[in-house]
Amino acid sequence: MAASAPAVVLQGLTKRFGPTTALDDVTASILPGQITGLVGPDGAGKTTLLRLIAGLLMPDGGKIAVLGHDGVPSGVQRDIGYMPQRFGLYEDLSVDENLSLHADLHELDEATRRERFAALLGFTGLAPFAGRLAGKLSGGMKQKLGLACALLARPKLLLLDEPSAGVDPASRRELWRIVRTMAGEGVAAVWSTAYLDEADRCDSFLLLQAGRLLASGSPADLTRRLEGRAFLVDAPPDRRHAMQRRLAADPVVVDATIQGASVRVVLHDGAAFPVRADGDAAPRPTRPRFEDAFVSLLQEKSQAAPMAGALNGSARPADGAAIEARDLSRDFGAFRAVDRVSFDVAPGEIFGLLGPNGAGKSTIFRMLCGLLAPSHGQARVAGIDLRRARATARERIGYMSQRFSLYGNLSVADNLEFFGGVYGLDGRRRRDRIAWALDAFDLGSVTHLEAGMLPLGFKQRLALAAALLHEPRVLFLDEPTSGVDPLMRREFWSRIGALADQGVTALVTSHFMDEAEYCDRLGIIYAGQMIASGSPDDLKRRFATEALPEPTLEDAFVGLIAAHDAANHAANSRPQAA
Amino acid sequence: MSASDLLPGRRFRGLLRKEFVQIVRDPSSIAIALVMPVVLLLLIGFGISLDARKVRFGVVDENRSVESAGLYHAFANTPYFRPVSFLTAREAEAALMRGDISGFAVLRSDFSRHVIDPVRTADIAIIVNGVDANTARIVTGYAQGVVAVWLLGHRRDRAKAAAPAASVEHRYWFNPEIRSTNFIVPGLIAMVMTMIGALLTALVVAREWERGTMEAMMVTPASMTELMMGKLVAYFVLGLGGLAVSVTIGLFVFEVPFRGSFAVLVGVSSVFLIVSLAMGLLISTVARSQFVAAQLAFLITFMPALILSGLMFDIESMPGWIQAATTVFPARYFVSSLQTLFLAGTVWPVLLPNLAALLAFAVLILAVAVARTRRSLE
């Protein structure tokens, strides 16, 4: 038995869509009995590669062999379990009916079907929900059902396209456990993800960047090269961003980013730690992560990304609390999307709302932007009560979403003109601010290009520039860097850090643990409630144990949700007992 | 291998069950297939009538005699007119301008004298709002008829004149009451079937693309033909339901006669339904969003069915090249078949060529749709 014969072999695989090359000369193999992480930012070619392996797309060049066949002949689908993005479930069919459909399509006989249903429903914890419509399941449960459908016919090859995007960390771990078990049974599992922390846990990985295979192998091998080069330096809150900027600019430093209350530093090979400024804490060595390796690979390949300067005159600080939410609730019919959420954000603070999709983050966000009226409670932004003077409040806030609400067919200059006009800037002030934006965000070279044609990094800068034109005191950032590559994320957050140092307040929503690390404080949003808040380090510290001395933010998140559910369960069962 | 040999169609049955469960759960499919026919038939059936009935028609009586009053009553006694009396032509003109009346007749002050006079002819001016040419022609015709009938009776009474040398007796075959409803409703049924077939399938396939379920289905052992046929069969059944609803409304609400064979009706309709469904599948190979699918379905099936099928406009009186264009739209053959079955009966010389044309379309479009459907996202 050639148990270790690769399940998938890719040789010089190339795929083009019109003028763009989605995959460029990818050579790799995927082994059975392993979880292979297909890692890369959005647009790197992850989905295209999975679709090529599934036989949904035809390669333009190179060769592909799936499960010992040349190419992807029809019939091989029998042995492939595929879960596309958004899980590919029929939402108007129940859990049972979705499974039955897949059982019929695979022509499972009655006995096998009963055995597999029982096993998978038990395995995924979906048994109590067998009669529920798939559309009424939570994100995490949908994902498990999608996985159960893909696993039904015992595939030899399991292809999962971003199975964990936007799902709460507890469900993510659950899913990981299931796939790990399948891999243990000899399945070749491919798990695509934009979360770099997931790559650390894979047996092997394929790292894609802009259609090219940047690296592959085992994550341990990749990070081993950085052994002894990664450090954490504790920094007081008011000097963190400055220290990060200083270290990032140092030639011996590959990468410097904010991680909770510390600055994480990765040095060049053989370099000594730079001379410490007065009062700096001593650097503590730390275990290198996949992201550190990714960044150092990117740094080798490209020139250092333009890091933000001081961004002078971009905003005016507010006085008092920049954002005050008091018992904020919002009902949609009988459904309470947000339930008595209260928090304050101080001027110059970066506050993150962290939670899975559907937890209520966006609803809180919209209420604070003045786009949605709260059902109960109050909100003040930049000193203005949103119930009384929404329009005035809006003049003081800037908004940027991950989807960059830019006009793709207008030039960079036209976009800035437009947003300047929308924010009511006129004459001299508009000219000055646009000139400032082009200069501060290095957009001078692309002023007359269409915004839609720009590379992602430029778009991100343009979107932020547009949001800052009217010198807002409070900045609302909606998943600003989810799915972008780590260099772009660093560039973005160093700009936000510079703004915060000037007193601009930022409210961020995210389901990305990576993004959350950049925040001064976090509110954990779960099922419409804020179940905890505090600095990332505070939250992590609560879950430190002897077995797990340095818990990650995800560990903290999972622990908080478990504690919340347990408390809720106890509260619910008490009246019944009485 | 052996399992698939022993249980052929297990996959297909699974797909079919899925389609029916979705139909039952999704109110929009039911609405399009069963509620839309009711609404369309009632709205258009009652709303669009090409007959003139209870037309408000002015009679300008400058004569004020027994004779002019007699003619006024002649107008009042037909079901077609509801006469309105005016003293001067100027007032009647104003009423016509306002749209209060569709036309008027002017009886001059010498009307009664000329009517009685065996030598002179009484001139009656009839002015009709010609904006809607069709209605104008009908109103003019009816008004002339009313005057002619009244004149005949009047002369007969007055002069005891001899019977005219010859008289014409009209008989309208197939639609003796010349009710436009009788030929519009069968046409509407064709339109409804076009909608159910093409729109519904194009929409549900596009929805599978949008929701990513098509992608998931493609990476299962199900073949594309099985996926497509599952849709075809499920929506065929739903379409027959729509047919039953439409025919029932036609027969019992609009009281359209049915002179053909029901078996032939179901047969011809089934073939047309397959044509429509195949058209929907073909659209779905191009349109991967529901928005585009709906646009295409309206543009290439619904509009031709409305305009170029002989439902609204007589094909014979179209310019030659448009007549030629109508032959490539299947709806025309179905409209003609339905009108024949409802009003004339099972007239094979008319039905056979239509049926042959529909069968040819069904085979052709289905073949193209299947050929174009590939297990690929490109």
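The values are calculated or read from the model by the stated rules, or taken from the named source; none is laboratory data. Please read these numbers as outputs of a predicted model, since none were measured by experiment. Glycine gets a Cβ as well: all are built from the backbone with ideal geometry, and neighbour counts include every protein chain shown.
Residues in region B:284-321 that are within 17 Å of B:ILE32 (Cβ to Cβ) and of a type outside the set (A, V, I, L, M, F, W, C): B:SER284, B:GLN290, B:GLN295, B:THR301. Scanning region A:531-557 for residues that are within 19 Å of A:ALA170 (Cβ to Cβ) and charged (D, E, K, R) gives A:LYS540, A:ARG542, A:GLU554, A:ASP555. Is at least one residue of region A:107-124 buried (at least 17 other Cβ atoms within 10 Å of the Cβ), closer than 27 Å to B:LEU16 by Cα, within 14 Å of chain B (Cβ to nearest Cβ) and among the polar types (S, T, N, Q)? No, every residue in region A:107-124 fails to be buried (at least 17 other Cβ atoms within 10 Å of the Cβ), closer than 27 Å to B:LEU16 by Cα, within 14 Å of chain B (Cβ to nearest Cβ) and among the polar types (S, T, N, Q). Among the residues of region A:55-67, at least one is assigned to a strand (DSSP E or B), out of contact with any Lys or Arg (no Cβ under 7 Å at 6 or more places or on another chain) and within 14 Å of chain B (Cβ to nearest Cβ). Candidates A:ARG86, A:ARG78: the one that is modelled with pLDDT under 95 and either in contact with a Ser or Thr (Cβ under 8 Å, 6 or more places away or on another chain) or not in a loop (DSSP other than H, G, I, E, B) (or both) is A:ARG78.
All conditions but one from (1) within 11 Å of chain B (Cβ to nearest Cβ); (2) in contact with a helix residue (DSSP H, G or I) (Cβ under 9 Å, 6 or more places away or on another chain); (3) of a type outside the set (D, E, K, R) apply to A:THR48; the one that does not is (2). Among residues that are more than 14 Å from chain A (Cβ to nearest Cβ), in contact with an Asp or Glu (Cβ under 9 Å, 6 or more places away or on another chain) and surrounded by 17 or more Cβ atoms within 10 Å (Cβ to Cβ), B:THR181 is included. Restricting to region A:90-103, and then to whatever is of a type in the set (A, V, I, L, M) and at the interface with chain B (Cβ under 7 Å from one of its Cβ atoms), can you tell me which residue is surrounded by the most Cβ atoms within 10 Å (Cβ to Cβ)? For region A:90-103, the residue satisfying everything is A:LEU101.
When you look at A:ASP168, is it within 12 Å of another protein chain (Cβ to nearest Cβ), closer than 27 Å to A:GLY355 by Cβ and crowded, with 23+ Cβ neighbours inside 10 Å, yes or no? Criteria not met by A:ASP168.
The rows are residues; the columns are (1) outside the structural domain of B:LEU16 (by TED's automatic domain parsing); (2) over 23 Å from B:VAL35 (Cβ atoms); (3) touching a Lys or Arg at 6+ places or on another chain (Cβ under 9 Å); (4) surrounded by fewer than 19 Cβ atoms within 10 Å (Cβ to Cβ).
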residue	(1), (2), (3), (4)
B:ILE189	no, no, no, no
B:ALA198	no, no, no, no
B:THR213	no, yes, yes, no
B:MET229	no, yes, no, yes
B:VAL233	no, no, no, yes
B:GLY239	no, no, no, no
B:THR248	no, no, no, yes
B:LEU265	no, no, no, no
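Here's the yes/no breakdown for (1) of a type in the set (Gly, Ala, Ser); (2) assigned to a helix (DSSP H, G or I); (3) surrounded by fewer than 19 Cβ atoms within 10 Å (Cβ to Cβ):
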position: A:ALA532; (1), (2), (3): yes, no, no
position: A:ASP537; (1), (2), (3): no, yes, yes
position: A:GLU550; (1), (2), (3): no, no, yes
position: A:ASN568; (1), (2), (3): no, yes, yes
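Among the residues of region A:9-27, are any closer than 21 Å to A:THR181 by Cβ, of a type outside the set (Asp, Glu) and assigned by TED's automatic domain parsing to the domain that holds A:ALA165? Scanning region A:9-27 turns up no residue that is closer than 21 Å to A:THR181 by Cβ, of a type outside the set (Asp, Glu) and assigned by TED's automatic domain parsing to the domain that holds A:ALA165. Close Cβ contacts (under 7 Å, 6 or more residues apart or on different chains) running from residues in region B:358-378 that are under 22 Å from B:ALA305 (Cα atoms) to residues that are surrounded by 15 or more Cβ atoms within 10 Å (Cβ to Cβ) and of a type in the set (Ser, Thr, Tyr) comprise B:LEU358/B:TYR333; B:ALA369/B:THR285. Cβ-Cβ contacts under 9 Å between residues 6 or more apart (or on different chains), taken from a first residue in region B:11-23 that is at the interface with another protein chain (Cβ under 7 Å from one of its Cβ atoms) and assigned to a helix (DSSP H, G or I) to a second residue that is surrounded by fewer than 19 Cβ atoms within 10 Å (Cβ to Cβ) and of a type in the set (S, T, N, Q), are listed as B:ARG11/B:SER4; B:ARG11/B:SER223. Report whether or not B:PHE183 is in the same structural domain as B:TRP348 (by TED's automatic domain parsing), in a helix (DSSP H, G or I) and not polar (S, T, N, Q). The answer is yes for B:PHE183. On inspection, A:ALA183 fails the criterion of being part of a helix (DSSP H, G or I), within 17 Å of A:MET83 (Cα to Cα) and in contact with a helix residue (DSSP H, G or I) (Cβ under 6 Å, 6 or more places away or on another chain). For region A:374-395, a tally of residues being surrounded by 20 or more Cβ atoms within 10 Å (Cβ to Cβ) and either assigned to a strand (DSSP E or B) or touching a residue at least 40 places away in the same chain (Cβ under 8 Å) (or both) returns 6.
Of all residues in region B:288-300, those that are touching a residue at least 60 places away in the same chain (Cβ under 8 Å) have Cβ atoms under 8 Å from Cβ atoms of residues that are assigned to a helix (DSSP H, G or I) and not hydrophobic (A, V, I, L, M, F, W, C), 6 or more apart or on another chain, in B:ARG288/B:GLU210; B:SER289/B:GLU210; B:GLN290/B:ARG207; B:GLN290/B:GLU210; B:ALA293/B:SER284; B:ALA297/B:GLY280. Checking each residue in region A:193-245 for being of a type in the set (Asp, Glu) and not in a loop (DSSP other than H, G, I, E, B) picks out A:ASP197, A:GLU198, A:ASP221, A:ASP234, A:ASP238. Among the residues of region A:125-134, just one is within 14 Å of another protein chain (Cβ to nearest Cβ) and touching an Asp or Glu at 6+ places or on another chain (Cβ under 6 Å), namely A:ALA134. Among residues that are more than 24 Å from A:GLY383 (Cα to Cα), surrounded by fewer than 20 Cβ atoms within 10 Å (Cβ to Cβ) and not β-branched (Val, Ile, Thr), A:ALA451 is not included.
Residue by residue, here is whether (1) under 20 Å from A:LEU368 (Cα atoms); (2) at pLDDT 90 or above; (3) assigned to a helix (DSSP H, G or I); (4) assigned by TED's automatic domain parsing to the domain that holds A:ASP439 holds:
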residue: A:LEU477; (1), (2), (3), (4): yes, yes, no, no
residue: A:TYR518; (1), (2), (3), (4): no, no, no, no
residue: A:THR545; (1), (2), (3), (4): no, no, no, no
residue: A:ALA562; (1), (2), (3), (4): no, no, yes, no
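Yes/no matrix, rows are residues, columns are (1) surrounded by fewer than 15 Cβ atoms within 10 Å (Cβ to Cβ); (2) over 30 Å from A:VAL72 (Cα atoms):
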site	(1), (2)
B:PHE291	yes, yes
B:PRO304	no, yes
B:ILE315	no, yes
B:ARG332	no, yes
B:LEU338	no, yes
B:GLY345	no, yes
B:PRO353	yes, yes
B:ALA369	no, no
B:LEU377	no, no
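Just to check your reading of the model, which residue among A:PRO356, A:PRO347 is touching a Gly at 6+ places or on another chain (Cβ under 7 Å) and closer than 27 Å to A:PRO163 by Cα? Testing whether each residue is touching a Gly at 6+ places or on another chain (Cβ under 7 Å) and closer than 27 Å to A:PRO163 by Cα leaves just A:PRO356. Cβ-Cβ distances below 9 Å connect the following pairs, each with a first residue in region B:214-226 that is more than 8 Å from every other protein chain (Cβ to nearest Cβ), a second residue that is aromatic (Phe, Trp, Tyr) and surrounded by fewer than 23 Cβ atoms within 10 Å (Cβ to Cβ), and a separation of six or more residues or different chains: B:GLU226/B:PHE12.
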